[in-house]
Amino acid sequence: MDDEALKAYLFDLNAIEREALVDPRVPRLFANEDTIVLSMLEEDIFKPDQKIAFMKHPRYMITTAHKHDFLEMNYVFAGRCVQTINGKQVILNEGEFCLLDTYVTHTIEPAGENDIIMNCLMRKNYFDADLLKRLSGNDLISEFITDAVYKNKASNQYIVFPSGGNPKIQRLMQEVLIEYFAPGLCSEEIINSYMIILFSELLRIFKQSAETDRASGLQKVLITDVLLYIEQNYAEVTLTSAAKHFGFHPNYLSRMIKNHLGASFIKIVQDVKLSRACSILENTGLSVVKVAQEVGFSNMNVFYELFQQRFGMTPKAYRSGKRRDEGGSGS
């Protein structure tokens, strides 16, 4: 796929848009009563092993207010996008981006024939230790993602990047979309690499257009450093060892994490351990006992209880389900 083929693909009317041309309320995106804000979950949108997805926002359609537990970034490929975020109208022109935090209520006005809006949807676990590390020098983005990934409550954040007319950023998005819609060898890694460059370029644009709060930035980058340390040492890390590494008193580190991330040190470590356990279950034949030990659980009862709470099933059922999914996708 080249640039012209991508453009033709995105401007081509799909089935939903054909219906919306007849009546913009049928089909209705996120259909529900106007007075209700629809909550969307990761499992409703992503395939089981998918962490990032790109989709064209259907033109002509009416969307109702909605929010979700994953991150969303809107990109105006052509035309413009008019949306309401937390009750405020936000207009994006061609080439501009808007990055939305989790649980932010928003709706998009019906897009016209020449308005092509791309939605980049990212699971919270898309930003793993490696990706966070590569973003750690990007104060603005790392702050935003740290809040979105580790806070359980809505902070109603969004960032508009005035990147219209920037040929480098438009070129990057062209390449990302081509890799996504016409995947080839190593497309996933290529997309991830492009995304790091894209976020870095967006930060340059943002810093050129507005003054940033450097004091807050320095504080939250430090939080990012703490999270990276936990990600890299999850199996044996303790509050005491982490505090010692950063030269803090344990009580200070505990309060800092709670204040900025809305979760306890123990909860964050447990979440990382469970995520790693899932990866091992999916990709190895290790016994459940070995998996638990590998990620730092010495008490199997605690491991089973936390796993059941987090995923609603046992580790064995989780592994079996993943293998069935892989078998189905390969047929």
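The table for this structure:
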quantity: Residue within region 150-159 that is modelled with pLDDT of 80 or more and not assigned by TED's automatic domain parsing to the domain that holds Val272 present; calculated: no
quantity: Residues located in region 58-107, provided they are part of a loop (DSSP other than H, G, I, E, B) and without any contact (Cβ under 8 Å) to a residue 40 or more places away in the chain; calculated: Gly79, Gly87
quantity: Number of the condition not met by Ile145 [criteria: (1) modelled with pLDDT under 85; (2) β-branched (Val, Ile, Thr); (3) part of a strand (DSSP E or B)]; calculated: (3)
quantity: Positions within region 275-296 being among the aliphatic types (A, V, I, L, M), outside any loop (DSSP other than H, G, I, E, B) and under 29 Å from the mean Cα position of the chain (by Cα), in sequence order; calculated: Ala277, Ile280, Leu281, Val288, Val291, Ala292
quantity: Failed condition for Asn114, given (1) over 20 Å from Lys168 (Cβ atoms); (2) assigned to a strand (DSSP E or B); calculated: (2)
quantity: Hits in region 68-100 (condition: surrounded by fewer than 19 Cβ atoms within 10 Å (Cβ to Cβ) and not aliphatic (A, V, I, L, M)); calculated: Asp69, Gly79, Arg80, Thr84, Asn86, Gly87, Lys88, Gln89, Asn93, Glu94
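The values are calculated or read from the model by the stated rules, or taken from the named source; none is laboratory data. Everything numeric in this text was worked out from a predicted model, so none of it was measured. We place every Cβ from the backbone using ideal geometry, glycine too, and count neighbours over all the protein chains shown.
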